[in-house]
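My questions will all concern the structure given below.
The values are calculated or read from the model by the stated rules, or taken from the named source; none is laboratory data. Just so we're clear, the structure is a prediction, and the values are computed from it rather than from any experiment. Cβ atoms come from the backbone with ideal geometry, glycine included; neighbour counts cover every protein chain shown.
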Amino acid sequence: MFSEWLDRLRGTVVVEIRGFRPDAMLDAMRSANIVVRQAKFRRIERRGGAVEDVLEVRLSTRDALRLRPLLKRTGCRMRVRAKYGWPFWLARLSRNASFAVGACMFTAVFFLLSQIVWDVDVEIEGSRLTTEQVLKAAETYGLRPYRWKFSLPPVETMAAELYRYIPDASWIGVEWRGTRATIRVVEMKRPEPRPVKGPRHLVASRDAEVTAIFAETGRPVVRPHALVRKGDVLISGWIGTDERKIAVAAEGTVRGLVWDIVEVEVPLARTVRTYTGGTSVRYAVAWGDRRFRLPGVGTAKSGEEKVEERLFTLRWGDWVSPLGVVRQEVRRTRTATIVWTQEQAMEAARAEIRKAVEFRYGEEIGPVRENILQVRADNDKVYLKAHVEVEIDIAQEQPIAPAENGASS
């Protein structure tokens, strides 16, 4: 590898040697310690049917100048076929000086323009900070468009200094993307202040059997396995003795078993859309929201299909060209009908019961125990009626009336 670069630096030539005995010329070069890079013999047919042996060798420019005495000694003649290396390239370039000067000026201007900050992008994770605030802080520090990149400190130093101007940020990162600077900011998450609540009780939201009770503030009134009705006090907001009572905002968790009737219906036949595995790609010209199919580009088959698009447009800063090219990936689909047995429909109906209970009481529910009351199949559907028992949070707030508060005081 080093010898190849050295040959390019010094220059090499390909010489064609002709004569009565070209092999004698090769022996003479070996005797004169001339290094031959490549050598090959070939025969050429001249006019009249005569055949001539030709020796083609590749050697350095310095060794090529030493061939003249050997040519006279062997009676051969030579012709330069090709020249390689920096000396010959510079010689050709010197004959076209204007092109060389233009290429150097273009390289210099391109290098200078690549060292300028042309745009500053901001990516914020949060809702309190705005892009204008981050750009103003970056400009105060010195990071703004049309500044020399080499006049700015490293990105780690800039990110550390921006903390002084953006106190609400928990993490700041600065990244170079060519001539564009990207500032990423993650906002500091602050706990929301808890609202001040007045004196209140926690009462039962429905008839239930208490399974667990935990009072953070206030006095628990019921115990587990107690039956309560809607409106009964579960955790009282009155604390203290009978002589001196204080009204507080009762807080805690009360879980209880409730009972309900749920009716669901499940069809025995369902129509689903499946992929066939066939795909194709086609292209279109985009102008705004419109698409113009290119004739003869891609495939367009009839039938059901799902199209996924990817848009390619030109961008320059915040400007986006309305003209672009759309790559559409078409996936073939078909409609299939699935027929369930009555046992499969029953399993699906039990899953629907769980969904109906979650929709009615929320997702934070305990295990659902159902007792099937009625099963009926009619009009290609299975109707199911069940009595369910589920554990939910049964506590709800009830403010302490001012009259009750004054009477107790």
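Going residue by residue through segment 30-42, is there one that turns out to be touching a strand residue (DSSP E or B) at 6+ places or on another chain (Cβ under 8 Å), in the same structural domain as Asp7 (by TED's automatic domain parsing) and over 30 Å from Trp5 (Cβ atoms)? It would help to see each step written out before you state the result.
From segment 30-42, those touching a strand residue (DSSP E or B) at 6+ places or on another chain (Cβ under 8 Å) are 34-42; that's our starting set.
Subsequent filtering for residues that are in the same structural domain as Asp7 (by TED's automatic domain parsing) retains 34-42.
Right, trim to over 30 Å from Trp5 (Cβ atoms) and you get none.
No - not one qualifying residue is present in segment 30-42.
With loosely packed, with under 12 Cβ neighbours inside 10 Å and modelled with pLDDT under 75 as the only criterion, which of Pro295, Pro322 stands out?
Pro295
In segment 361-394, which residue that is touching a strand residue (DSSP E or B) at 6+ places or on another chain (Cβ under 7 Å) and among the polar types (S, T, N, Q) is nearest to Gly256 (Cα to Cα)?
Filtering segment 361-394 for residues that are touching a strand residue (DSSP E or B) at 6+ places or on another chain (Cβ under 7 Å) and among the polar types (S, T, N, Q), the one nearest to Gly256 (Cα to Cα) comes out as Asn371.
Okay, moving on. I want to confirm something. Restricting to segment 264-277 and keeping residues that are surrounded by fewer than 14 Cβ atoms within 10 Å (Cβ to Cβ) and among the charged types (D, E, K, R), which single residue is farthest from Glu305 (Cα to Cα)?
Arg270
Right, something else. Need a quick list: strands (runs of 3 or more DSSP E) entirely within segment 229-297 having at least 1 residues that are out of contact with any helix residue (DSSP H, G or I) (no Cβ under 9 Å at 6 or more places or on another chain) and under 30 Å from Ala356 (Cβ atoms).
The qualifying strands (runs of 3 or more DSSP E) are 233-236, 251-267, 269-287.
Next question, about the same structure. What number goes with the only condition from (1) of a type outside the set (Val, Ile, Thr); (2) surrounded by 10 or more Cβ atoms within 10 Å (Cβ to Cβ); (3) touching a residue at least 60 places away in the same chain (Cβ under 8 Å); (4) not in a strand (DSSP E or B) that Ala159 does not pass?
Status for Ala159: all satisfied but (3).
Scan segment 8-40 for residues that are in a strand (DSSP E or B), surrounded by 12 or more Cβ atoms within 10 Å (Cβ to Cβ) and of a type outside the set (A, V, I, L, M, F, W, C) and jot them down.
Residues satisfying the conditions are Thr12, Glu16, Arg18.
Is it the case that Ser170 is of a type in the set (S, T, N, Q), more than 28 Å from Trp259 (Cβ to Cβ) and without any contact (Cβ under 8 Å) to a residue 40 or more places away in the chain?
So Ser170 fits the description; yes.
Out of everything in segment 339-375 that is of a type in the set (Val, Ile, Thr) and over 37 Å from the mean Cα position of the chain (by Cα), what residue ends up being surrounded by the most Cβ atoms within 10 Å (Cβ to Cβ)? Write out each step before concluding.
Residues of segment 339-375 of a type in the set (Val, Ile, Thr): 339, 341, 353, 357, 365, 368, 372, 375.
Keeping just the survivors that are over 37 Å from the mean Cα position of the chain (by Cα) gives 339, 341, 353, 357, 368, 372, 375.
Values: Val339: 11, Thr341: 9, Ile353: 20, Val357: 22, Val368: 18, Ile372: 13, Val375: 14.
Applying the filter and picking the extreme gives Val357.
Restricting attention to segment 304-338, and to residues there that are under 23 Å from the mean Cα position of the chain (by Cα) and aliphatic (A, V, I, L, M), which single residue is nearest to Gly278 (Cα to Cα)?
Val330
Something else: Please indicate, with yes or no, whether at least one residue in segment 331-345 is part of a loop (DSSP other than H, G, I, E, B), closer than 30 Å to Ile213 by Cα and touching a Lys or Arg at 6+ places or on another chain (Cβ under 8 Å).
no
Modelled with pLDDT of 85 or more and more than 24 Å from Leu257 (Cα to Cα), is that true of Val203?
no
Further, regarding this structure: Could you check how many residues of segment 55-69 are surrounded by fewer than 17 Cβ atoms within 10 Å (Cβ to Cβ) and in contact with a Leu (Cβ under 8 Å, 6 or more places away or on another chain)?
Residues that pass the stated criteria total 0.
Another question about this same structure. What are the pairs, 6+ residues apart or on separate chains, where a residue within segment 366-377 that is under 17 Å from Glu347 (Cβ atoms) has its Cβ under 8 Å from a residue that is assigned to a strand (DSSP E or B) and small (Gly, Ala, Ser)?
So the pair list comes out as Glu370/Ala386; Asn371/Ala386; Ile372/Ala386.
For (1) closer than 28 Å to Ser114 by Cα; (2) of a type in the set (D, E, K, R); (3) at pLDDT below 90; (4) within 46 Å of the chain's Cα centre (by Cα), each residue gets a yes or a no:
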{"site": "Met158", "(1), (2), (3), (4)": "yes, no, yes, yes"}
{"site": "Ser170", "(1), (2), (3), (4)": "no, no, yes, yes"}
{"site": "Val174", "(1), (2), (3), (4)": "yes, no, yes, yes"}
{"site": "Gly178", "(1), (2), (3), (4)": "yes, no, yes, yes"}
{"site": "Ala181", "(1), (2), (3), (4)": "yes, no, yes, yes"}
{"site": "Arg194", "(1), (2), (3), (4)": "no, yes, yes, yes"}
{"site": "Gly218", "(1), (2), (3), (4)": "no, no, yes, no"}
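Let me ask something else. Can you pull out every residue in segment 319-345 that is in contact (Cβ under 8 Å) with a residue 40 or more places away in the chain and hydrophobic (A, V, I, L, M, F, W, C)?
The answer is Val325, Val326, Val330, Ala336, Ile338, Val339, Trp340, Ala345.
Residues checked against (1) over 30 Å from Val15 (Cβ atoms); (2) over 30 Å from the mean Cα position of the chain (by Cα); (3) exposed (fewer than 11 other Cβ atoms within 10 Å of the Cβ); (4) touching a residue at least 40 places away in the same chain (Cβ under 8 Å):
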| residue | (1), (2), (3), (4) |
| --- | --- |
| Gly85 | no, yes, no, yes |
| Leu90 | no, yes, no, no |
| Met105 | yes, yes, yes, no |
| Ser127 | yes, no, yes, yes |
| Val134 | yes, no, no, yes |
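What do you reckon, is Met78 in contact with a strand residue (DSSP E or B) (Cβ under 8 Å, 6 or more places away or on another chain), surrounded by 11 or more Cβ atoms within 10 Å (Cβ to Cβ) and in a helix (DSSP H, G or I)?
When the stated conditions are applied, Met78 does not pass them.
Yes or no, residue by residue, for (1) part of a strand (DSSP E or B); (2) of a type outside the set (Phe, Trp, Tyr); (3) at pLDDT 85 or above:
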{"position": "Leu90", "(1), (2), (3)": "no, yes, no"}
{"position": "Leu93", "(1), (2), (3)": "no, yes, no"}
{"position": "Ser98", "(1), (2), (3)": "no, yes, no"}
{"position": "Met105", "(1), (2), (3)": "no, yes, yes"}
{"position": "Leu112", "(1), (2), (3)": "no, yes, yes"}
{"position": "Val122", "(1), (2), (3)": "yes, yes, yes"}
{"position": "Ser127", "(1), (2), (3)": "no, yes, no"}
{"position": "Lys136", "(1), (2), (3)": "no, yes, yes"}
